[in-house]
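Everything on this sheet refers to the single structure shown next.
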Amino acid sequence: MNKSTPQSNDPMSDLTARVIESMADTRDPRFKEVMSCLVRKLHEFIREVDLTPQEWIAGIEFLTATGKMCDSKRQEFILLSDTLGASMMVVMLDQARAERRNEGSRQATVATEATVQGPYYWEGAPELPLGSNIAEGVIGEPAYYSGKVTDTQGRPLAGALLDVWSGDGEGNYDMQVEGAEMAARARLRTDSEGRYSFWSIRPSFYPIPMDGPVGKMINHMGRDPNRPGHIHMMVSAPGHERVTTHLFVANSPYIDTDIVFGVRDSLIIEYQRHEPGVTPDGQTMKSSYWSASYDFCLIPSGL
Ligand code: BEZ
Ligand code: FE
């Protein structure tokens with residue numbers, strides 16, 4: 001025992017204190033803060049649930065299986081973090097931090113809320129002109145997306161980048177098929193008035209990957225593995241905080257029970273149904289289609 005470690009009559013509390021004290025010489029104060037808190041909470045947890053050796057080894061085996069399910073295409077640990085709400089907690093904290101930095105400045109519009117990125121982002125989607133159909137040949141009902149990108153003072157951001165991706169109308173992502181090409185993905189830049197528009201499909205709900213240890217955990221918890229219908233967007237502009245978010249289909253099944261807790265009320269949008277005819281961008285549609293509109297608002301960075 002380190003001589004400076006305070007001793008109590010409780011050997012378990014002494015153990016916690018000794019582990020924390022053992023980090024006294026680290027030169028990284030943030031690491032020390034994080035690890036000390038982690039050790040304290042971990043010990044507290046073990047004591048609170050009165051963890052047995054069998055339960056402890058079951059936990060170790062679960063984490064080992066989770067690690068074995070991770071490679072460049074599958075990240076079971078992020079899935080674990082997502083399904084336990086940890087990813088969303090980090091996302092919300094990060095955005096609250098950016099909002100605090102922006103607090104002093106006048107704000108006309110509320111910044112777009114962020115949500116989880118998920119495992120299906122694929123860097124390098126094709127950059128397409130505004131108005132393009134980014135889901136040519138993809139299963140699903142067509143949907144026209146439009147809106148603008150502004151800063152928190154309501155000023156339009158010209159040349160802002162929207163990196164967009166979604167599954168198809170049956171809830172499958174291109175990446176889930178070995179060797180598949182990109183589909184329902186694109187990067188688009190806003191025009192001089194900060195406006196964007198493109199065609200894609202109205203996305204469907206779908207289950208997260210359930211063939212690994214996290215799937216077993218979800219089943220054991222008695223939870224439903226589905227996410228409500230959504231389209232992903234990563235929106236960025238020079239001098240502004242990038243926001244990684246989704247637009248959720250209002251009234252989609254599972255909108256109240258998203259397995260990764262990613263739904264935020266401000267991101268739920270009504271898709272309007274239209275009969276065949278002339279579309280908002282002047283095309284003639286032979287089938288019925290949907291339209292969805294959303295304005296993104298970015299927080300200035302470096303304040
Ligand atoms: C997704 O929306 O793509 C997703 C997010 C978290 C876990 C699994 C999928
Ligand atoms: Fe998704």
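The values are calculated or read from the model by the stated rules, or taken from the named source; none is laboratory data. Note that the structure is a prediction, hence the values are computed from the model and not measured. Positions of Cβ are generated from backbone atoms using ideal geometry, with glycine treated the same way; all protein chains shown enter the neighbour counts. SASA here: full protein model, heavy atoms, side chains in, ligands and nucleic acids out. Shrake-Rupley method; radii C 1.70, N 1.55, O 1.52, S 1.80 Å.
Miscellaneous remarks
- The residues on offer are D174, D163, D168, D151, and the sole one that is away from ligand 2 (no atom under 16 Å from the Cβ) and among the acidic types (D, E) is D151.
- Filtering the range 164-213 to residues that are among the aliphatic types (A, V, I, L, M), open to solvent by less than 20 Å² (accessible area, probe 1.4 Å) and more than 14 Å from ligand 1 (Cβ to nearest atom) leaves A186, L188, I201.
- Pairing each residue of the range 249-266 that is under 18 Å from D168 (Cα atoms) with any residue that is open to solvent by 60 Å² or more (accessible area, probe 1.4 Å) and within 14 Å of ligand 1 (Cβ to nearest atom), provided the two are 6+ apart or on different chains, yields C-beta distances under 9 Å for V249/F205; S252/F205; P253/F205; Y254/F205; Y254/D224; I255/F205.
- Filter result for T66 (in contact with an Asp or Glu (Cβ under 7 Å, 6 or more places away or on another chain), in contact (Cβ under 8 Å) with a residue 40 or more places away in the chain, open to solvent by less than 50 Å² (accessible area, probe 1.4 Å) and not small (G, A, S)): yes
- Subset of the range 152-171 that is of a type outside the set (G, A, S) and at pLDDT below 95 - its residue that is nearest to the chain's Cα centre (by Cα): D168
- From the list P203, P142, P156, P209, the one residue that fits, being over 18 Å from A125 (Cβ atoms) and within 13 Å of ligand 2 (Cβ to nearest atom), is P209.
- Residue check, T257 within 12 Å of ligand 2 (Cβ to nearest atom) and open to solvent by 10 Å² or more (accessible area, probe 1.4 Å): no
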